[in-house]
Each structure stands twice: as C-alpha cells, then as structure tokens.
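Here is the structure we will look at.
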There are 2 protein chains.
Amino acid sequence: MSDGKSGLQLRSLLKKSGELELSLVDVPTPEPANDEVVVHVEATPINPSDLGLLIGPADMSTAKVSGTRDAPVITAKMPEAALRMMAARLDQSLPVGNEGAGVVVRTGSSDAAKALMGKTVSMIGGAMYTQYRTIKVRDVMELPAGATPADGASWFVNPLTALGMTETMRRENHKALVHTAAASNLGQMLNKICIKDGIGLVNIVRSKEQADILHKIGAKHVVDSTAASFMEDLTGALVETGATIAFDAIGGGKLASQILTAMEIAANKTAKEYSRYGSSVFKQVYIYGSLDNRPTELTRAFGLTWSVSGWLLTPFLMKAGPEVNARMRKRVVDELTTTFASHYTATISLADALRPEIVAAYQRKTTGEKYLIDPSL
Amino acid sequence: MSDGKSGLQLRSLLKKSGELELSLVDVPTPEPANDEVVVHVEATPINPSDLGLLIGPADMSTAKVSGTRDAPVITAKMPEAALRMMAARLDQSLPVGNEGAGVVVRTGSSDAAKALMGKTVSMIGGAMYTQYRTIKVRDVMELPAGATPADGASWFVNPLTALGMTETMRRENHKALVHTAAASNLGQMLNKICIKDGIGLVNIVRSKEQADILHKIGAKHVVDSTAASFMEDLTGALVETGATIAFDAIGGGKLASQILTAMEIAANKTAKEYSRYGSSVFKQVYIYGSLDNRPTELTRAFGLTWSVSGWLLTPFLMKAGPEVNARMRKRVVDELTTTFASHYTATISLADALRPEIVAAYQRKTTGEKYLIDPSL
C-alpha cells in the first residue's frame, strides 16, 4: 500500500471519432472534507450494470491492446448508431464502478467521519474501480464485525435490486412474480428472499444445469425456456402461483411476449365469461437487463391489459422513499453473508480488468460468472 | 317498420370446430322493465373495436357464403392458435355492436323511461346490430333537438377515446402527445380537441394524402412515416411540443420503437449531463389498436425509462371515475356536430354487413373509411 496520496483509477473515454479507450490513470486522492472519508478499496464487482458505462455497445471484436503490462490500454470501435445516443459523454474520461468496499484510511474532521477510521465499509456512488476513494460518510455503510471487503463489495446493486423486485410486486398489487435468467447471482438471492418471505416465484432458466442450481437452493417453480413443454410448464406455474408481474434480464427476442401470453392463458383459465379484449387481469413485464441485444418482439396475443416497461434500481429507490430504503438496507446488512452472499469466478487486479481475454469473459455475462476487482492487488 | 315485437339481430358464433359463423337471427324484443326503453335502432357504426368480437383473427380468405339474400350466412376458419385464447366464447351465439342510436318506441313505467318516448337517443352497451334494442334508461342519452340518429350513432367510442387520450396525458403528467394513424375519424377528432384546448399534438400518418387531410383541418405537426426524413421530422416535432406520450393504433412493426427512440433523442438534446442508462425522462407508448397484426418490435435503444402498454377505453373510464366521465360526456353532447362529427363511407343494412365484399372493405380498416349500419333498412 502506498501513502494513499494518489492511486490508479480505471477510465472509460469515448472519443468523438467513435473510438472507445479504456485505461488506468494515476489520480491524486482528494483530501476528505469534514463529512468525508478516504477508503482504500479492496473489492469492487463488475456487474452487468457497470458494463453500460465501461464498454456499452462498443464492438469488442475490433479491440486493440497497447500500453504496458501494468498499465494496459484497450481501444475499440463504437458503432455509428450508438454514438448518436452518447453525445453527452463524448471526449470525457469517465471513472467506472457502482459499488465497492474497503478500509477507511483517512477521515475528515466530523465525529461521524472520525468514528469510521480503520473500519471496513461498503460504498455506493460510482468511480469504485480505483485504489483510493474519497466519499461522503452518508454513502458508506460500516460492515458487521468479521465481514471482509469481499463480503460487502456487492451489498448494494444485486441485493437492493432483488429486494426492489418483491417491493415493486407488492406496491403494484401483484401477489407473486416471475424472474428470467433466474440462476444468476441476483436470481439466487431472489429465491432466498422469496422462500424466506413466502412469496411465489416462477424461475425461468435456459438449461438443465441452471435449473439444478436453483432446485438445490430450494426453488419450487423452475421452468426451462429451451424445453418443448416450456409454454405449458410456464402456464402451469403461473396458475399455481398467480404471478402477474415479471422481471426480465434477457430483454431481446420473444421471451417477454411468451410470459405475457402465458399469463393471459392462465388468467383466462379462471375467467367466468368471455371478454373480447382479453382478460381484465393486469399483466406487467419489467425489462431490467439486456442479455439478449436483439429487439423485444411482442405478439400482442394477450389482450389489452398489459405493460412492458424498463426497470432501473435508482428511480425505484427514489420513488420508494427513505423509509423503504432504510428498511431494505438494514435487511441487506443483517443477511449479508446468508441471503445476500455473492460468489465470484475470480478476484482480479485493475490491470487484469483490461486484459482482452478477461474483458471478453465478463462481457459474455455468463450466468454464474462474476468478477471481483481488488484494486489493491 | 314492424310492430317491434321481434326483429333481426346480427350474431357471431365461434364453434368448437374452429368455424366462425356470422348470421342474422330473428329475436323477440324483450319487454322493457320499469327503468328500460325499447329503441328502434337506425344507426350503429362498425368500429375497429367491434371487429374483435365480430370477426377477430378469423381468416376471411376462407370465407364462404350461404343462406338467402335477405339472411346471408358467412362462415370462415379461425386459426388454431387464436382458438386457444377464445375458449370462453366457444359455441355461444353472441350479439355485436358497441354503440348506436335510434328512436324510443316503447317504454317502461318509470317517469324517466316515459319521458323518453318518441325521443332520438344514443346508446352504449353492446348488441346494437339489431332492429330493436331494449336498454336501461341510464345507458341512453337524449340527443339535442335536430340531431339525427346518424349524428349520434358514434357519440361514444371515438369521442370518448379521443378525450380519454388527452385526459390520460394530463393524469400521467405529460404535456403533449403523439398519435398514429392520425388521419382517421378518431385522429381528426383528436386534432380538433387539441387545437381547441391548446395541446401540442404530433400526428403520424402514412401518406401525403393523409397529411393533407390533417393540414386542412389545422393540424400543426404532421409527420409521414414513409418519408426518408421521418426520424428527423419526428424528433423535431417532439422537441418543439415536448410530447412524451403516444397513442398508437398500428401496434405491429417498428413504429412504437421509433417513437420511443425519437423521444429519447429529443430528451437527450436538452439533457445537461450524460446518463449511462439513458435520459430520466419517462416515455410512454399506449397501443390501443392493431392495424398492423405483426409483432411489435422494440429495439430498446431508448434507455430504461419507458413503458409500452395496452390502452382500452372501458378500464380508463372506470379508473377516471364518475366526475370525469360526466364532464367528458357533456362535452361530447355539446360538440356533437362540430368537434365530434363522424363521416361515413356508406350506410348499409344488416344483410349488407354480411356481404363478403363489404366485410372485406370494413375489415381492411382503411383510414377514413367507416361504415354505418341502419338496421331499419
């Protein structure tokens, strides 16, 4: 560990020319203000939600490597159509990384800041792919005794997203839910929450191996979208659970449409009389990811009482209000090493995060594969 | 006119075998209860919203005609996939027709019913493709002096749908709106409402002829989706009006996605800083029709703050509540022959409505073409 006066930071720069450049930059550590602390970052995950800013829709098949082994530079081309949408970020060198954890090594003068000296904390707020992060006390959370930075690195995005799903389900008057790409880290957390809280959850996976992962942790309804009997299996699970809201990480293709169609068939199975416009049961699919980049295809063979919408954690948290936020955060801390435990494929350094073979690996977003950066390595 | 003790009624029957049968049936006129009247129906439109129950997704290329000239019978095949969704209507002979108008020829014993004797009234409630309709007083509305049944036949579906759109826009905090298939009867009403109320309206049409129709009635923003400059034209109109909600009658293809993309580009033009998840401006497309039966294709190149949903008049009216309903209905009556005037291609008899060439014509849903049935012919 250096003296912490400066440190390496991962940057993403999209040039007007359409070239995306990823690099490590040595930046001075800002002095902490009264209500701030400096955290020596030791663990920060690469979430799908980080990839948008880090790489976005850049064509990584055009990637070129330069720089040195300790300070690699990757460049790749951004497609013309995508560039148009990104006018606001052109020619700015942007730090990356939503969440992380580490040890407080310096503090501001307030009592709240000083109380954190030497403590292991988790953080939210961007620019986490960095060796030293100066941050406001209100954006860090002290971890319980014995928890390591790796335990607390993923305390925010996945846990709050999973809790946000069941919270949204209740707020919008649904009684059970559907989740796709359900064997992911997030999907496993969601299963643990639903089992604990007695909520009906229909898990949609894309292979027998993924189904096995979920059965092993006690999931009751697991349906495989690659099976010939998928629509029947899904409809059966929807009738049994009464799920009328789905959270979809896939995005592209026909899956959202299939879910709405199965919900409509399930609703009509219990309907008493024919309605020419389809059932009056409201059916909602929230798309929160884009594992499949193709267009979403909706057949609309499911009446007129439906909605397909984008879902994003931050606007949800703002809508939910401080009381719900506090309740959800407390639960994450209380169940950090049980319900909300994350598993990582490998722990890598900042420089590793820019090696082409590793970039290719995390860009694939393979279910169950997740990388943790330790900037102190 | 017969004595009104019985009359012809158009029926749609979907058999378990997958055969759809349209026919005329002679039915006895129910005696009016205290709070009911019998209306001699003289005008009832064929709206796109009637076609769902009348024909639905039946394959009219398989249509066969039998019966007599005065009582034709049409049969056609319903595709297997569609049959599954329609279990609840199988083997039931269903009357059709959402709205209509006529003259009260017999009444129940209540004062409210007796006061309507001989009056021209408009009606809502289904089964309007019939010669005599027994109906509750609360479901009829006396037309202003001088208004004919043809003037009042379309007082409900199109006028309230158009008003429902501006009402929805306000309720959901948008300041201007987009409408597709905008040269339709409904689209022209919406233009008149928006001009009168000072609401920004972006009209999307599919030909120069349709654009001309709208310019002639004073529309300010008309963009042609078949023009090479469509996306630029649309974005420009969105920037100018600030429209972030659209009502789409087309449904299939890429149009809904193009609207959301243009809204996102318009929002980013005024955004101050780059947001990795797209703009935070909420963008809504309501699909209320299906002029294009193909799947809706969403590219999702418009961030995560969006929604595509079904929209239907009846649930909207229920949500809006009695006060809003009363206000909207009063406006329709007040402006029946101005803002809400309908234009018809032809007035036809009940038997005409079952002639294959006429069925083919109204099933095409050509913009500006609309048929009015006069069951007394």
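Heavy atoms only, probe 1.4 angstrom, no DNA, RNA or ligands counted: give me A:Ile265, B:Ile213 ranked by accessible area, highest first.
I get B:Ile213, A:Ile265, largest accessible area first.
Choose one answer from B:Ala182, B:Ala150, B:Ala301: the residue with the largest mean-square fluctuation in a GNM of chain B with alpha-carbon springs under 10 Å.
For chain B, modelled as a Gaussian network with Cα springs under 10 Å, the answer is B:Ala301.
Kirkwood hydrodynamic radius, computed over distinct alpha-carbon pairs, for region B:1-68: how many Å, to one decimal?
Computed over Cα pairs of region B:1-68, the Kirkwood hydrodynamic radius comes out at 14.7 Å.
What FRET efficiency do you get for A:Thr345 and A:Lys119 if R0 is 41 Å and r is their Cβ-Cβ distance, rounded to the nearest 0.05?
Approximately 0.90, to the nearest 0.05.
When ranked by the protection proxy of mean other Cβ atoms within 10 Å per residue, highest first, what sequence do the peptides A:96-109, A:189-202 form?
Sorting A:96-109, A:189-202 by mean packing, highest first, produces A:96-109, A:189-202.
A:Lys370: which lysines have alpha carbons under 23 Å from its alpha carbon, excluding same-chain residues fewer than 8 sequence positions away?
A:Lys192, A:Lys208, A:Lys216
Over every pair of different alpha-carbon atoms in chain B, take the mean of 1/r and invert it; report that Kirkwood radius in Å.
This gives a value of 22.1 Å.
Put a point 7 Å out from Cα along the line to Cβ at B:Arg84; what are the distances to that point in the other copies, in nm, shortest first?
3.8
Given the options A:Thr299, A:Val281, A:Ile259, identify the residue whose Cα lies farthest towards the positive end of the charge dipole of region A:232-377 (+1 on Cβ of Lys, Arg; -1 on Cβ of Asp, Glu).
The Cα lying farthest towards the positive end belongs to A:Val281.
Just how large is the dipole of chain B about the Cα centre, in debye to the nearest 20, putting +1 at every Lys and Arg Cβ and -1 at every Asp and Glu Cβ?
Computed charge dipole of chain B: roughly 700 debye.
Which parts of region A:306-338, residue by residue, lose 40 Å² or more of accessible area when the rest of the protein chains are there, as against the chain isolated (1.4 Å probe)?
Residues meeting the cut-off: A:Trp306, A:Val308, A:Gly310, A:Leu312.
Can you work out the FRET efficiency for the pair A:Asp334 and B:Glu172, with r the C-beta to C-beta distance and R0 = 30 Å, to the nearest 0.05?
0.20
Nothing charged except the Cβ atoms of Lys and Arg (+1) and of Asp and Glu (-1): what's the magnitude of the dipole of region A:78-166 about its Cα centre? Round to the nearest 20 debye.
Using only the charged Cβ atoms, the result is roughly 220 debye.
I need the Kirkwood Rh of region A:85-145: take the reciprocal of the average 1/r across all distinct C-alpha pairs and report it in angstrom.
Across region A:85-145, the inverse of the average 1/r is 12.9 Å.
How large is the dipole of region A:1-66 about the Cα centre if only Lys and Arg carry +1 and Asp and Glu carry -1, each at its Cβ, rounded to the nearest 20 debye?
Using Cβ point charges on Lys, Arg, Asp and Glu, region A:1-66 gives about 380 debye.
Go through A:Val359, B:Thr134, A:Leu116 and say which Cα lies farthest out towards the positive end of the charge dipole of the protein assembly as shown; charges sit on Cβ, +1 for Lys and Arg, -1 for Asp and Glu.
Of the options given, the answer is A:Leu116.
Which Cα, out of A:Leu53, A:Pro315, A:Ile204, lies furthest along the positive dipole direction of the protein assembly as shown (beta carbon charges, K/R +1, D/E -1)?
Looking along the dipole axis, the top candidate is A:Pro315.
Can you give me the angle between helix B:185-197 and the longest principal axis of chain B, using Cα atoms only, in degrees from 0 to 90, rounded to the nearest 10?
60 degrees
On the accessible surface of region B:131-175, probed at 1.4 Å, how many percent belong to carbon and sulfur atoms?
44 percent
How large is Rg over Rh for region B:292-377, taking Rg from the Cα atoms and Rh as the Kirkwood inverse mean of 1/r across Cα pairs?
Rounded to two decimals, Rg/Rh equals 1.10.
Work out the count of Lys pairs in region B:1-99 where the Cα-Cα distance is under 16 Å, with the pair 8 or more places apart or on different chains.
4
Within 10 Å of each candidate Cβ there may be at most 16 other Cβ atoms; applying that plus a DSSP loop requirement, which trypsin sites (Lys or Arg not before Pro) in region B:342-373 survive?
Qualifying residues, ordered by number: B:Arg364.
Which percent of Cα-Cα pairs in region A:236-339 sits in each 5 Å bin, short to long?
2, 12, 17, 16, 16, 14, 12, 8, 3, 1, 0
Report the far tail of the P(r) of region B:44-202, meaning the percent of Cα-Cα pairs longer than 26 Å.
Tail fraction, whole percent: 48.
Per residue of A:291-299, what is the mean number of Cβ atoms on other protein chains within 10 angstrom of that residue's Cβ?
Counting Cβ atoms of other protein chains within 10 Å of each residue's Cβ and averaging gives 5.
Report the gain in length on full extension from A:Arg138 to A:Thr314: 0.36 nm times residue separation, minus Cα-Cα distance, nm rounded to one decimal.
61.7 nm is the gain from fully extending A:Arg138 to A:Thr314.
Calculate, for chain B, the solvent-accessible area per residue in square angstrom, rolling a 1.4 angstrom probe over the heavy atoms of the protein chains.
41 Å²
Carbon and sulfur: what percent of region B:177-279's accessible surface (1.4 Å probe)?
Carbon plus sulfur share of accessible area: 53 percent.
Report, please, the projected area of region A:139-181 averaged over directions, based on the convex hull of its C-alpha atoms, in nm².
Result: 4.6 nm².
What gaps in nm, shortest first, separate B:Met318 from its twins in the other copies when you place the label 7 Å past Cα toward the beta carbon?
Those separations, rounded to one decimal, come out as 3.3 nm.
What whole-number distance in Å separates the alpha-carbon centres of region A:156-177 and region B:125-163?
Taking the Cα centre of region B:125-163 as reference, the centre of region A:156-177 is 45 Å away.
Quick check: pseudo-label points 7 Å beyond the Cα along Cα→Cβ at A:Arg294 and B:Lys64, how many nm apart are they?
About 3.9 nm separates the two model spin labels.
Against the 2.2 N^0.38 Å scaling, with N counting residues, where does region A:124-278 land? I'd like the Cα-based Rg ratio to two decimal places.
1.24
Between A:Arg84 and B:Asp3, what is the label-point separation in nm under the 7 Å Cα-to-beta-carbon projection?
7.1 nm
Taking only Cα atoms and a 10 Å spring cutoff, compute GNM fluctuations for chain A and point out the largest among A:Pro32, A:Pro45, A:Pro315.
Evaluated over chain A, the most mobile residue of the options is A:Pro315.
Under the definition of partner shielding as Cβ atoms of other protein chains within 10 Å of a residue Cβ, what is the mean value for peptide B:87-93?
The shielding value for this peptide is 3.
Mind checking how much accessible area A and B bury in total, 1.4 Å probe, in Å² rounded to 100?
3500 Å²
Give me the tail of P(r) for the protein assembly as shown as a percent: Cα-Cα pairs with distance above 53 Å.
Value for the protein assembly as shown: 22 percent of Cα pairs lie more than 53 Å apart.
Considering only DSSP beta bridges where both residues belong to the protein assembly as shown, give the percentage that are antiparallel (nearest 5).
Percent antiparallel among DSSP bridges in the protein assembly as shown is about 65.
Sorted from shortest, what are the nm distances separating the label point of B:Val105 from equivalent points in the other copies, each placed 7 Å from Cα along Cα to C-beta?
In nanometres, ordered from closest: 9.4.
Ignore the peptide's own chain and count Cβ atoms of other chains within 10 Å of each Cβ in A:247-254; give me the average, rounded.
Rounded to a whole number, the mean comes out at 1.
Just order B:217-224, B:319-326, B:140-147 by mean Cβ neighbour count inside 10 Å, highest at the front, would you?
B:217-224, B:140-147, B:319-326
With N set to the number of residues, divide the alpha-carbon radius of gyration of region A:183-243 by 2.2 N^0.38 Å and report two decimals.
That works out to 1.04 for region A:183-243.
Calculate the translational D of region A:1-134 in whole µm² s⁻¹ from Stokes-Einstein, where the hydrodynamic radius comes from the Kirkwood formula applied to all Cα pairs, the temperature is 4 °C and the viscosity 1.567 mPa s.
For the chosen part, D equals 81 µm²/s.
With every atom except the alpha carbons ignored, what do you get for Rg and Dmax of region A:139-224, in angstroms?
Values for region A:139-224 (Cα only, Rg and Dmax): 14.1, 40 Å.
Viscosity 1.002 mPa s, temperature 20 °C: Stokes-Einstein D of region B:70-109 from its Kirkwood Cα radius, in µm² per second?
Stokes-Einstein gives a translational diffusion coefficient of 148 µm²/s.
Let me check I have the definition right: for region A:276-327, take the eigenvalues of the Cα gyration tensor, multiply each by 5, take square roots. What are those semi-axes in whole Å, largest first?
Values for region A:276-327, descending: 28, 18, 6 Å.
Over all directions, average the projected area of the Cα convex hull of region B:166-208 and note it in nm².
3.0 nm²
The values are calculated or read from the model by the stated rules, or taken from the named source; none is laboratory data. This structure is a prediction, so every number in the text was calculated from the model and none was measured. Backbone-built Cβ (ideal geometry, glycine too); neighbour counts: all protein chains shown. Quick note on the areas: whole protein, heavy atoms, side chains included, nothing else; ligands and nucleic acids left out. Shrake-Rupley method; radii C 1.70, N 1.55, O 1.52, S 1.80 Å.
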